[in-house]
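What follows draws every value from the coordinates through simple rules; no lab data is involved. All of these numbers come straight from a predicted model, not from anything done at the bench. Note that we place each Cβ from the backbone using ideal geometry, even for glycine, and neighbour counts take in every protein chain shown.
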Amino acid sequence: MVRREGYDFRLKNVSSVVRAKINFCGEDIMDHARPLRIMKQLLESLKYVKELELGPSCVEVMSVLEAKGWQVPPSTRSCLTLNAYKHKGSIAGILGILKSSPNLETLTIKGALSRFKETEPGDLVSTYLQNANLDLVAFNVKTVKITRFTESFSSVEPMATLVKILLKCATVLEKMVISAKELDTHKSAVTLISFPRASTKAVIVFD
């Protein structure tokens, strides 16, 4: 998508596209309805794309849509890369798009630094994260790679929360690769490998 002030550029006739990468820039995405509307249109247009990558602002918008109860259109994507801001609010957006990806095999999550001092979503997303019931959610992803998704060198969050959810809900997970270069490796490993796993084949590897 290309953006000009006051205009929306929409994707059409993209059913044959194999790879797509999208992001928002230059807008206060949390306070305006326009990015939410555009995100809905883009995900509808790109539901047949096999390899999709979303920028951190897209994940932020997805967090708001998920908290509002909007259902992402089911897709046939098999590979998904999410660049996400390093706070728990991003997790709502990650879960929202995972729910719409029944054919997903490979998920990559890369932590991103925000250009803004305040990146945490508002009360809507916070309430969603507190009350979300994931007991009946099943993700079919087989391989997960998580990189740099920590708030600081001394914190294992929000990575720990995300890993706990994925291990609980990814019923056919085979391998989870976690970048531990920015963490206290032993302490982090003890925390992360202690979470229950829905898949008996799931192996956690620290890179």
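If each of Ser126 and Val18 carries a label point 7 Å out from its Cα toward its Cβ, how far apart are those two points in nm?
Label at Ser126, label at Val18, 4.5 nm between them.
Would you list Thr81, Thr200 from fewest to most Cβ contacts within 10 Å? Display every interim value, and only then the final one.
Details: Thr81 16, Thr200 7.
The fewest-first ordering by Cβ neighbours comes to Thr200, Thr81.
List the residues, sorted by chain then number, that are 5 or more residues from Phe206 or on another chain and whose placed amide H is less than 5 Å from its amide H.
Long-range HN contacts for Phe206: Ile178.
If each of Asn133 and Val172 carries a label point 7 Å out from its Cα toward its Cβ, how far apart are those two points in nm?
Distance between the two pseudo-spin positions: 2.6 nm.
Got a sec? Charge dipole of region 49-206, +1 on Cβ for Lys and Arg, -1 for Asp and Glu; which of Pro56, Val203, Asn83 is way out at the positive end?
About the Cα centre, the residue reaching furthest to the positive side is Val203.
Zone of Lys187 (label point 7 Å along Cα→Cβ, backbone N under 15 Å): which residues in region 136-168?
Of the residues in region 136-168, 150-160 have backbone N under 15 Å from the label point off Lys187.
What nm distance separates the two modelled labels at Val203 and Thr81, each placed 7 Å from Cα along Cα→Cβ?
2.4 nm
With unit charges on the beta carbon (Lys/Arg positive, Asp/Glu negative), name the residue among Ser154, Leu65, Leu192 whose Cα is farthest towards the positive pole of the charge dipole of region 49-206.
Of the candidates, Leu192 comes out farthest on the positive side.
For region 75-168, which trypsin sites (Lys or Arg not before Pro) are both in a DSSP coil and crowded by at most 12 other Cβ atoms within 10 Å?
In loop regions of region 75-168 (DSSP not H, G, I, E or B), the sparsely surrounded trypsin sites (Lys or Arg not before Pro) are Arg115, Lys117.
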